[in-house]
1. Name the single residue that is modelled with the lowest pLDDT among those in region 1-13 being closer than 22 Å to residue 71 by Cα and loosely packed, with under 15 Cβ neighbours inside 10 Å.
2. Can you tell which of 49, 40 is without any contact (Cβ under 8 Å) to a residue 40 or more places away in the chain and over 25 Å from residue 70 (Cβ atoms)?
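The values are calculated or read from the model by the stated rules, or taken from the named source; none is laboratory data. Only a predicted model underlies this, so the values are computations on that prediction, with no experimental measurement involved. Counting neighbours? That spans all protein chains shown, and the Cβs are built from the backbone with ideal geometry, glycine included.
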């Protein structure tokens, strides 16, 4: 282990900043984008079906059971 906490692959949206393409109280999968993460953004597939960057402050990380995580994973 590197001593760094493992980042969640799933997040719960608790605020949408007025965006119709994010649903509050919905779990979204996070896709790796180190450049966006450095700027405080997460890359997710929103309700439009496309991947976009949203402020990380709209989400909280969630830990899901392995079977649920596997069932929800997109493009694994």
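1. Looking only at region 1-13, we keep the residues that are closer than 22 Å to residue 71 by Cα, and these are 6-13.
If we keep only those that are loosely packed, with under 15 Cβ neighbours inside 10 Å as well, we get 6-7.
Working: 6: 46, 7: 49.
Among those residues, the one meeting the criterion is 6.
2. So the residue among 49, 40 that is without any contact (Cβ under 8 Å) to a residue 40 or more places away in the chain and over 25 Å from residue 70 (Cβ atoms) is 40.
Let's see how each residue does on (1) farther than 12 Å from residue 22 by Cβ; (2) surrounded by 12 or more Cβ atoms within 10 Å (Cβ to Cβ):
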{"site": "35", "(1), (2)": "yes, no"}
{"site": "40", "(1), (2)": "yes, no"}
{"site": "43", "(1), (2)": "yes, yes"}
{"site": "46", "(1), (2)": "no, yes"}
{"site": "49", "(1), (2)": "yes, no"}
{"site": "58", "(1), (2)": "no, yes"}
{"site": "63", "(1), (2)": "yes, no"}
{"site": "67", "(1), (2)": "yes, no"}
{"site": "72", "(1), (2)": "yes, yes"}
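Okay, residues lined up against (1) touching a strand residue (DSSP E or B) at 6+ places or on another chain (Cβ under 9 Å); (2) closer than 14 Å to residue 13 by Cβ; (3) not in a loop (DSSP other than H, G, I, E, B):
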site	(1), (2), (3)
37	yes, no, yes
44	yes, yes, yes
47	no, yes, no
52	yes, yes, yes
57	no, yes, yes
64	yes, no, no
